[in-house]
Amino acid sequence: MWLGEHPGVEIVCRDGAAGYADAVHQALPDALQVGDRWHIWHNLAQAVGKEVAVHSGCWATASRVRKLDGGTTTALQRWQQVHDLLEAGVGLLECARRLSLALNTVKRYARIDKPERMRRAPQYRPTLVDPHREYLRQRRAEDPAVPVLQL
């Protein structure tokens with residue numbers, strides 16, 4: 001082993017595998033073992049990701065817009081708010097600040113001249129169920145108690 005042939009090594013940089021730790025300890029029992037930079041950053045990123053995931057519900061409740069109106073403002077109401085401010089001579093950036101919206105969102109609302117144009121027609125996307133839709137409707141009509149997953 002390379003370490004055994006170099007007894008003057010005082011510090012060994014390695015990853016976190018226990019096998020490496022044992023090998024280094026056997027070859028150089030007095031050597032200081034340290035983690036390498038890549039593994040330290042990788043492990044930190046994984047730990048942070050897990051912690052953020054655990055607290056994801058907290059982030060949603062911390063939103064400034066939700067604190068202000070409970071998330072009840074509709075797109076049409078926001079369009080009206082933006083246009084009311086613009087008509088009063090308020091600039092786009094100030095509208096965004098006052099309404100707690102992103103500047104690009106305010107610009108999008110400002111570009112639309114009529115609130116009716118805010119509505120988008122729903123887009124239908126084909127699914128795997130489509131060829132069987134009529135059969136499934138018939139079965140549900142015949143026996144509504146049958147669980148959907150069973151069908």
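For Gln33, nonlocal amide neighbours, meaning residues 5 or more places apart or on other chains whose placed amide H falls under 5 Å from its own, are Val12.
Taking the longest Cα principal axis of the chain as reference, the axis of helix 133-142 is set at about 70 degrees. For region 88-131, the set of trypsin sites (Lys or Arg not before Pro) satisfying both a DSSP loop assignment and a count of at most 14 other C-beta atoms within 10 Å is given as Arg119, Arg120.
With 0.36 nm allotted per residue and the present C-alpha distance subtracted, the Ala17-Glu51 stretch has 9.9 nm of extension available. Per residue, the chain reaches -15500 deg cm²/dmol at 222 nm when only DSSP H runs of four or more residues are counted, each adding -39500 (n - 2.57).
For chymotrypsin sites (Phe, Trp or Tyr not before Pro), the sites in region 97-149 that DSSP calls loop and that have at most 11 other Cβ atoms within 10 Å are Tyr124. Model label points for Arg37 and Leu149, set 7 angstrom from Cα along the Cα-to-Cβ axis, are 5.0 nm apart.
For the chain, the longest principal axis of the C-alpha atoms and the axis of helix 18-27 are separated by about 20°.
Using alpha-carbon pairs under 8 Å, 6+ residues apart, how would you state the relative contact order of the chain in percent?
Details: 78 pairs, mean separation 19.6, N = 151.
RCO, the chain: 13 percent.
This structure gives Cα Rg over 2.2 N^0.38 Å, computed directly, and of (i) 1.30; (ii) 0.95; (iii) 2.05 that value is listed as (iii).
With a cut-off of 8 Å between alpha carbons and a minimum separation of six or more residues, what is the relative contact order of region 1-40 in percent?
In percent, rounded to a whole number, it is 48.
Each reported figure results from applying straightforward, stated rules to the coordinates on display, with no laboratory input. Given the structure is predicted, the values throughout are model-derived calculations rather than measurements. Please note: Cβ atoms are built from the backbone with ideal geometry, for glycine as well, and neighbour counts cover all protein chains shown.
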